[in-house]
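The values are calculated or read from the model by the stated rules, or taken from the named source; none is laboratory data. Remember, predicted model here, so these are calculated numbers, not experimental data. Positions of Cβ are backbone-derived with ideal geometry, glycine not excepted, and every protein chain shown enters the neighbour counts.
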2 protein chains.
Amino acid sequence: MTEPVDLDPEDWEAFRAESHRALDSMIDYLRGLRSRPVWTAPTEEAKARFNRELPAEGRAFPAVLEDFDRYIKPFATGNIHPMFMGWVQGAGTPVGMIAEMLAAGMNSNCGGRNHIAIDVERQIARWMAEAFGFPRDASGIFVTGASMANFLSLLVARDQAYGDRDVRLNGLCAQSGQLIAYASREAHNCVRQAMELAGLGARHLRLIPSDDNRRMKVSALRHAIAADRAAGFRPFLVVGTAGTVDAGAVDPLDRLADVAHTEDMWFHVDGAFGALAALSPKLKPLVKGLERADSIAFDFHKWLHVPYDAGFFLVRDPKAHKRAFAADAAYLSRAPRGLAVGDTWPCDLGADLSRGFRALKTWMTIETFGTKKLAACMEQCCRMAKRLENWIETSENFVMRAPVALNIVCFGVRGDDDGSLAREIVMELHERGEAAPSLTILDGVPAIRAAIINHRTHEEDIDAMTLFLEAALRRARKEPHDFGALVEPHGPGKTRLSED
Amino acid sequence: MTEPVDLDPEDWEAFRAESHRALDSMIDYLRGLRSRPVWTAPTEEAKARFNRELPAEGRAFPAVLEDFDRYIKPFATGNIHPMFMGWVQGAGTPVGMIAEMLAAGMNSNCGGRNHIAIDVERQIARWMAEAFGFPRDASGIFVTGASMANFLSLLVARDQAYGDRDVRLNGLCAQSGQLIAYASREAHNCVRQAMELAGLGARHLRLIPSDDNRRMKVSALRHAIAADRAAGFRPFLVVGTAGTVDAGAVDPLDRLADVAHTEDMWFHVDGAFGALAALSPKLKPLVKGLERADSIAFDFHKWLHVPYDAGFFLVRDPKAHKRAFAADAAYLSRAPRGLAVGDTWPCDLGADLSRGFRALKTWMTIETFGTKKLAACMEQCCRMAKRLENWIETSENFVMRAPVALNIVCFGVRGDDDGSLAREIVMELHERGEAAPSLTILDGVPAIRAAIINHRTHEEDIDAMTLFLEAALRRARKEPHDFGALVEPHGPGKTRLSED
């Protein structure tokens, strides 16, 4: 006779007290964001904590929580901080944190079957169909992020091009004609990756030139399609981008839709962060044409601040969507009654069978804030980008490197032809924990990139950014400076800019 | 001048109180599991709650939490309940719930860069290398689940077969020879799906016959490879299964490794739940040969009870792993200092760029419980499966349908040749909320499948299961019954078996 064992607390009330302390600590952490550096490099001591042997013996939960407080929490990415302006990462919300706890407590697997998490996910699909002007029965599914959603779109478009399930059975090489996809040269690398994953080959993605505003040139697209048809290739997919990764540009979606539909091609939009601009009446005109896409990829964890990860893939035609993924398997068989009831399950619409309850944190975010407030935050980001752009345009030292379409400001240092000062400034800002813009490369030269996507980034933060930039530039140029006046620019109890 | 807006609480202390109530409610929910039905079908009222228009106006957070309590929580999948025995779904733990909250609070994007979440993920990879007898520098990455991990393995094997990055650039059809993969006919459908996604085609996966224990026949594998070579195909991948989905069988991994390596093929193991048996000294011999795999796919959210989702992909050769996915993109450029420092980032090892902090809940689970206790829970599951098997073998009414290799018991009703009674019983058990086995199809006939993977499933639950089964059978046969004695078999305050 062996004693029964399980992983529930031996002392529930002790566990309750410990959990409440953990919750309080995280609430304090979120509340105190502004008083801390945006980023602190993980110390050697912290890194060493995660270089141990696999433990045979467990430890008391409070000791594990203490390790979290000491070795993990202080060395976060920083994307929740108002001075984080890098890489288009969402900021999260306290509401999302609680939602994720509730989802983890329920621990639903959202691959399929008859439980409410599936209905919540369908609600999100219907809401997004509404937001983007798709038919109400449009088909949607949560995935990790836009990289995965863009890959799925390519598969649906591939199967649509071949007309039945033959390509799933026989593979690409049994089909006639090499498929060719088209995106602007500003498109995200994941579009190229999708071609690689699907076995189509990156060289069969044509990267179409963009105009001065970094939007795809529609005439060039038309020419490329014609040339490919003449060469015996099969054009099948146009990928428009709503919010390019480097500069936030939006392709001329309406005109791309015209081309794709005239040419009998699938029109997909990678709207990783930009698609959600459709929630704002003010910003919506910028993404006009989105409503004509065959499918859209986007992330709730970017401009909707749902905690990571929560990507979404929306498809106009539910039949085309299901055809690319649904499968028969004995353990997935549907029953007329009970838990295994159902027609279309999420596993029929994508590559995952194990899936967390991403819909809950998204649903709670939208229910709690409503689209008006969420839109107001997006609009604010665009205003903050304008504010930074305005400052740069009047600055003696800095210069814009790309137009601001939405919320991304790419700029550099005047006369810094090789971008070395830009690089130095970005690294300095990170290391000092003052601000976290990212670095990108525009037309071959490193540029500073401030992606203002954080709902917490207010005017005071933009103004602090300009001061930090000036100071960093002077340090990089080894010019004398006196920043005594800049102490504590945006929060009590913390000297954000120190002399060095 | 527009007022600044953000998504933080206007009243932090009110939010704190609301969050603590939500936490208490979830702790009570977990503590009270046994007194509730394993599953309750979502009501029409609950479903209707998720058929509303996209809300422009937000609502108070407590009202949203109330909706959660009323319309979501009661209609969960049930996999956290001790009487859930379907579909190999993990049960979660209270510790994992808190870990997920902390991860959502930090809201790290684990695609790359220099922050501690990346180090925690690397710790998990090193731990798993240790657990599976891989070299210490083996390469690993979190994904949603084993479906995705198996797909990634196929891509790494594909690129290995072609020897350089040419297939990524030029696609499959530019390569010489159709690649062929091999798995047993008991293999999970996601292996076939991986062939479809990658463009290789499902028909180029050979499903090798299995023996009476549902293990791949090695001689048949050898013959199939020889026949394919003779026909001009290119055998490139052997997929062994550690814990088949229907019956929990483990392929003869050692002998599969021999074949794969003799034939110069990639040897991948789909160990979705079974691979983690390696953590138990008692169960480890069952998965012997795993240490010789080139790559392993498995899920922490199954037998390690990490909250959904937390799949993992481990690769022996880090260079082969990186070659399949790493890409150059300006916005992913690495810097010598600051937040963008790094060599290999997770985005170099898979298809995701947006990635939640799955490593935290996994790390906290392993740190808190240690491998001994986690292994004890797995061993207990296997004992419980044996207990159920023993009962079936002495039962007048039920009969085993497959051997028990680990923790999965497939059985049916004597004389129920078309499986209609089995189907009826499973649906009945679900609808009454008594137990949730699943239904699968073995050799063409529906079978009841009890996958005992829940750490909370103890002897009393197995014994309750036998009583529920007998009662459900009598009802299905419309036989008279008297179950007055069976009231409240495993928990206070709830009549688990009612007359009808």
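If a residue has to be touching a residue at least 60 places away in the same chain (Cβ under 8 Å) and more than 7 Å from every other protein chain (Cβ to nearest Cβ) to count, how many in segment A:118-135 make the cut? Spell out how you get there, then give the answer.
Step one: of segment A:118-135, the residues touching a residue at least 60 places away in the same chain (Cβ under 8 Å) are A:118, A:120-121, A:123-125, A:127-129, A:131-135.
Now narrow it down to the ones that are more than 7 Å from every other protein chain (Cβ to nearest Cβ): A:118, A:121, A:124-125, A:128-129, A:132-135.
The total comes to 10.
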(Q) As an exercise: evaluate B:A63 against (1) surrounded by 24 or more Cβ atoms within 10 Å (Cβ to Cβ); (2) aliphatic (A, V, I, L, M); (3) over 26 Å from B:D352 (Cα atoms) and give the number of the one condition it does not meet. (A) (1)
Q | Selection from segment B:171-204 of residues that are within 11 Å of chain A (Cβ to nearest Cβ) and in contact with a Lys or Arg (Cβ under 6 Å, 6 or more places away or on another chain) | A | B:G177, B:L179, B:E186, B:E196, B:A202
(Q) Just the residues that are touching an Asp or Glu at 6+ places or on another chain (Cβ under 9 Å) and either within 7 Å of another protein chain (Cβ to nearest Cβ) or at pLDDT below 95 (or both), please, taken from segment B:54-66. (A) B:L54, B:P55, B:G58, B:R59, B:F61, B:V64
Q: Identify the single condition in (1) surrounded by fewer than 22 Cβ atoms within 10 Å (Cβ to Cβ); (2) under 22 Å from the mean Cα position of the chain (by Cα); (3) within 7 Å of chain A (Cβ to nearest Cβ) that B:T93 does not satisfy, given that it satisfies every other one.
A: (1)
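Against the definition (within 29 Å of A:A91 (Cβ to Cβ), over 23 Å from the mean Cα position of the chain (by Cα) and in a loop (DSSP other than H, G, I, E, B)), how does B:G58 come out, yes or no?
Values: within 29 Å of A:A91 (Cβ to Cβ): yes; over 23 Å from the mean Cα position of the chain (by Cα): yes; in a loop (DSSP other than H, G, I, E, B): yes.
For B:G58, the condition - within 29 Å of A:A91 (Cβ to Cβ), over 23 Å from the mean Cα position of the chain (by Cα) and in a loop (DSSP other than H, G, I, E, B) - is met.
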Q: Quick one: A:N109 ticks every box in (1) exposed (fewer than 15 other Cβ atoms within 10 Å of the Cβ); (2) at the interface with chain B (Cβ under 9 Å from one of its Cβ atoms); (3) modelled with pLDDT of 95 or more; (4) outside any helix (DSSP H, G or I) except a single one, so which number is it?
A: (1)
Q.
Given the criteria touching a strand residue (DSSP E or B) at 6+ places or on another chain (Cβ under 6 Å), in a loop (DSSP other than H, G, I, E, B), modelled with pLDDT of 95 or more and facing chain B (nearest Cβ under 9 Å), does A:G78 qualify?
A. yes
Q) Out of curiosity, is A:Y162 over 30 Å from A:K361 (Cα atoms) and surrounded by fewer than 22 Cβ atoms within 10 Å (Cβ to Cβ)? A) yes
Q | From B:D228, B:D251, B:D246, B:D264, residue being among the acidic types (D, E), more than 14 Å from chain A (Cβ to nearest Cβ), surrounded by fewer than 24 Cβ atoms within 10 Å (Cβ to Cβ) and touching a residue at least 24 places away in the same chain (Cβ under 8 Å) | A | B:D228
**Q.** Top-ranked residue of segment B:41-51 - restricted to ones that are buried (at least 18 other Cβ atoms within 10 Å of the Cβ) and part of a loop (DSSP other than H, G, I, E, B), ranked as farthest from the other protein chains (Cβ to nearest Cβ)
**A.** B:A41
Q: Being of a type in the set (V, I, T) and either in a strand (DSSP E or B) or under 24 Å from A:G274 (Cβ atoms) (or both) narrows it down to one of A:T457, A:T466, so name that one.
A: A:T457
Q: Filter segment A:425-442 down to residues that are surrounded by fewer than 23 Cβ atoms within 10 Å (Cβ to Cβ) and in contact (Cβ under 8 Å) with a residue 24 or more places away in the chain, then give me how many there are.
A: 5
Q) For segment A:292-347, what are the residues that are without any contact (Cβ under 8 Å) to a residue 24 or more places away in the chain, facing chain B (nearest Cβ under 8 Å) and more than 23 Å from A:A161 (Cα to Cα)? A) A:A329, A:A330, A:Y331, A:S333, A:A335, A:P336, A:R337
